[in-house]
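The values are calculated or read from the model by the stated rules, or taken from the named source; none is laboratory data. Because the structure is predicted, anything quoted here is derived from the model rather than measured. Cβ: placed from backbone, ideal geometry, glycine included. Neighbour counts: every protein chain shown.
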Amino acid sequence: MSDFDMREFYDRYCEALNAHEFDRMDEFVHESILSHGEPATRADVVAALKSITDAVPDMRWEIKEVAIHGETLACHSVNHGTPTKEWLGVAPTGAPMEIDEFALYRIRDGKFAQMSNVHDVEAL
């Protein structure tokens with residue numbers, strides 16, 4: 001994996017997220033992963049992403065900072081959008097929102113093997 005550029009990989013992943021091209025997740029996510037420390041599948045990841053854009057149809061992920069160490073990638077991003085349904089326990093108000101997200105990934109063989117994230121829900 002010496003020629004593998006983790007930052008370029010993550011940028012491509014975020015481009016797919018922002019285009020809401022969740023059918024491309026096979027490029028980025030192993031079939032079986034750990035999600036928040038629990039066994040999950042790529043289909044579970046896709047379902048979670050679709051539930052986000054179902055509640056926030058114009059969701060965009062803006063990368064603020066990325067740190068890479070070995071097979072671990074950490075990212076701080078700001079998510080932007082206008083919720084049309086309840087999301088993260090907050091009812092929509094019609095106003096656009098921004099929320100900080102901190103994500104941690106483990107990448108093996110060129111794909112995510114582990115994914116977890118937290119949102120600053122208090123900010124909503």
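Residues of region 49-62 that are under 16 Å from Phe102 (Cα atoms) and either exposed (fewer than 14 other Cβ atoms within 10 Å of the Cβ) or over 13 Å from the mean Cα position of the chain (by Cα) (or both): Glu62 alone. Restricting region 22-39 to residues that are in a strand (DSSP E or B) and in contact (Cβ under 8 Å) with a residue 60 or more places away in the chain leaves a set whose member that is nearest to Phe9 (Cα to Cα) is Val29.
Only one of the listed residues (Phe22, Phe102, Phe28) is under 21 Å from Glu122 (Cα atoms) and surrounded by 14 or more Cβ atoms within 10 Å (Cβ to Cβ). That residue is Phe102.
Is it the case that some residue within region 110-120 is without any contact (Cβ under 8 Å) to a residue 24 or more places away in the chain, in a strand (DSSP E or B), closer than 13 Å to His36 by Cβ and of a type in the set (A, V, I, L, M)? Yes, the conditions are met somewhere in region 110-120.
Here is a check on your reading of the model: is Ile107 within 15 Å of the chain's Cα centre (by Cα), of a type in the set (Val, Ile, Thr) and closer than 13 Å to Tyr10 by Cβ? Yes; evaluated as a whole, the condition is true for this residue. Looking only at region 46-98, count how many residues are closer than 21 Å to Phe22 by Cα, assigned to a strand (DSSP E or B) and modelled with pLDDT under 95. Residues flagged as closer than 21 Å to Phe22 by Cα, assigned to a strand (DSSP E or B) and modelled with pLDDT under 95 within region 46-98 amount to 1.
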